[in-house]
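Peer 1: Encoded as structure tokens, here's the structure I'll be asking about.
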Amino acid sequence: MSAAYTVLWGEDLASQSSLDFLFYQYLPINLVCLLVLSYYAKVQVRYTIFHLIAAVSISDLLGVIITSILMGEWFVSPLWVIDFPVTVITIGVAMIIGRSLRKGPIASWKVNAEN
């Protein structure tokens, strides 16, 4: 999503306000992440929080490794101070959404279908 924004409107981080940067760069990525993690939390019944943390950690580590290889030097985003709290909040909200979806009408329908 943020790549589409960059291609369509260009990216000049120096001229963007903090609110615009958060809205156009972080919001789309985190909404997609929230959808994927919520579904994962819905289908993962046991140890949900550990699985979500592992999935996000592996994804972030792989991103750092690939970015570092492409740049030819060790690279950690200077915005990790913003990324970390946003990631923690996203994992927490995804777990709450996933568990509430698990307890919804679909879960009761599956229980009734088994009997």
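The values are calculated or read from the model by the stated rules, or taken from the named source; none is laboratory data. Only a predicted model underlies this, so the values are computations on that prediction, with no experimental measurement involved. Neighbour counts run over all protein chains shown; Cβ positions are idealised from the backbone, glycine included. Surface areas here come from the heavy atoms of the whole protein model, side chains and all, with no ligands, DNA or RNA. Shrake-Rupley method; radii C 1.70, N 1.55, O 1.52, S 1.80 Å.
Peer 1: Which distance in nm do the two modelled labels at residue 67 and residue 89 give, with both placed 7 Å along the Cα-to-Cβ direction?
Peer 2: For the pair residue 67/residue 89, the computed spacing is 1.9 nm.
Peer 1: Let me ask something else. Quick check: with the 1.4 Å probe, what order do 80, 74 take by accessible area, largest first? Could you put the intermediate results ahead of the total?
Peer 2: Details: 80 145, 74 180 Å².
Correct descending sequence by accessible area is 74, 80.
Peer 1: Moving on. What number comes out for the charge environment of residue 29, summing +1 per Lys or Arg and -1 per Asp or Glu over other residues with Cβ under 13 Å away? Display every interim value, and only then the final one.
Peer 2: Details: positive: none; negative: 60, 83.
After counting each charged neighbour, the total is -2.
Peer 1: Now for a different question. Could you put 21, 75 in order of accessible surface area, largest first, with the 1.4 Å probe and the full protein assembly present? Intermediate values should be presented prior to the final figure.
Peer 2: Working: 21 40, 75 70 Å².
Ranked list, largest accessible area first: 75, 21.
Peer 1: Between residue 39 and residue 26, with labels modelled 7 Å along Cα→Cβ, what's the label distance in nm to one decimal, could you check?
Peer 2: 2.5
Peer 1: Within the P(r) computed for the range 37-86, what percentage of the Cα pairs occupies the region above 12 Å? If you can, show how the numbers build up before the last one.
Peer 2: Values: 853 of 1225 pairs.
I get 70 percent for the Cα pairs in the range 37-86 exceeding 12 Å.
Peer 1: Something else now. Local charge sum around residue 45 (other residues, Cβ-Cβ under 10 Å, Lys/Arg +1, Asp/Glu -1)?
Peer 2: +4
Peer 1: Could I have the simple spin-label model distance between residue 96 and residue 46, label points 7 Å from Cα toward Cβ, reported in nm to one decimal?
Peer 2: 2.7
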